[in-house]
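Here, each number is a calculation from the coordinates, and none is a lab measurement. Everything numeric in this text was worked out from a predicted model, so none of it was measured. Neighbour counts run over all protein chains shown; Cβ positions are idealised from the backbone, glycine included.
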Amino acid sequence: MKLNQHQFVMKIIYVIATILLSLSLCRAQSINPKPTLDEAYKQELVRLLTGLQKNGWSGWKTGTVVVRRYLGNNDEKVKPFTYAQPDLVFEIVEADRRVAMTQVVKGKPYRDESPIKAQTAADVSQFELQDVTAASLEVDGFTLSCLVREYPAMIVKDGPSSSGSKVWRLASHPTLLLRKEFGSTTWEVASVRVTKKIGSQEFECVKTIAKSTIYVDGPMEVITTQYVSPDVPGHLVEQIEEFYKVNKEGKERILSMVVHQQVVEVRVP
């Protein structure tokens, strides 16, 4: 049976469409699929946290310089009081061996050198995983599967007793710590999606928040927010310490002092 012109054209279109679809499927199978947003997020979280397990001064060349500045005016009339001091200048004086910190106070330089310890990423074998329970934590809107272990309080005869602690680790990478509670003190990874600038360069940072209580003429709550990156010598990019006075009932918190450090310069030879 003869095909009319319309049927002939439609058949050609169908054959071409089938060939193109087949080629597309073959091409798709030959390319590794892009990770989903969840997978990409997890990969970046693991990269950053694993990098932060290593010594922040190791792996950098001799002559690497980091300048940390205190932001504040030391004016006690301004509330809250913002404590400041001269810049801290860190320099690798011998790669993987020594780092020096210099601070000029009233025109006189004070210098301190410290060894750079050969510290590598933690090994999973260091952690006891037999007494853990499954749990989850939410970070950046993602629910992360965790392993939680509780450590009971230690009672020492004729001495101070320690509080119990609770630790959350990433289930797929148990060396990576996500949260810790020790008595009234807490520490947690709040985000791994923070970008900070040092000069004109941007760095992906991990934001951590620690909360604790100290006693200075009464209870005082301290909240320390850090932004750290394995791509910055020394890891620290910015740190904000907030000191809150708490009344006896514990119902009122008044911000009394802020200590704010920020890296303003990084020089790598």
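Answer rounded, prolate or oblate for segment 137-269, using the Cα gyration tensor with square roots of eigenvalues a ≥ b ≥ c: rounded when a/c is under 1.5, else prolate when a/b is larger than b/c, else oblate. It comes out oblate by the Cα gyration axes. Based on the alpha-carbon gyration tensor of segment 37-91 and its eigenvalue square roots a ≥ b ≥ c, which shape applies: rounded if a/c is under 1.5, prolate if not and a/b is larger than b/c, or oblate? Cα axes put segment 37-91 in the oblate bin. Look at the dipole of segment 45-267 built from charges on Cβ: of 239, 174, 185, the Cα furthest out on the positive end belongs to 239.
The Cβ shell under 9 Å around residue 137 holds other residues with a net charge of -1, Lys and Arg each +1, Asp and Glu each -1. The order of the peptides 54-63, 78-87 by mean Cβ neighbours within 10 Å, most packed first, is 54-63, 78-87. Using the Karplus relation 6.51 cos²θ - 1.76 cosθ + 1.60 with θ = phi - 60°, the per-residue 3J(HN,Hα) values for segment 219-236 come to x, 9, 8, 10, 10, 10, 10, 10, 10, 10, 9, x, 8, 10, x, x, 6, 5 Hz, with x marking Gly and Pro.
Going by the alpha-carbon gyration tensor, a ≥ b ≥ c the square roots of its eigenvalues, is segment 45-267 rounded (a/c under 1.5) or, if a/c is not under 1.5, prolate (a/b greater than b/c) versus oblate? The partial results should precede the final answer.
Details: a/c = 1.67, a/b = 1.15, b/c = 1.46.
The shape class here is oblate.
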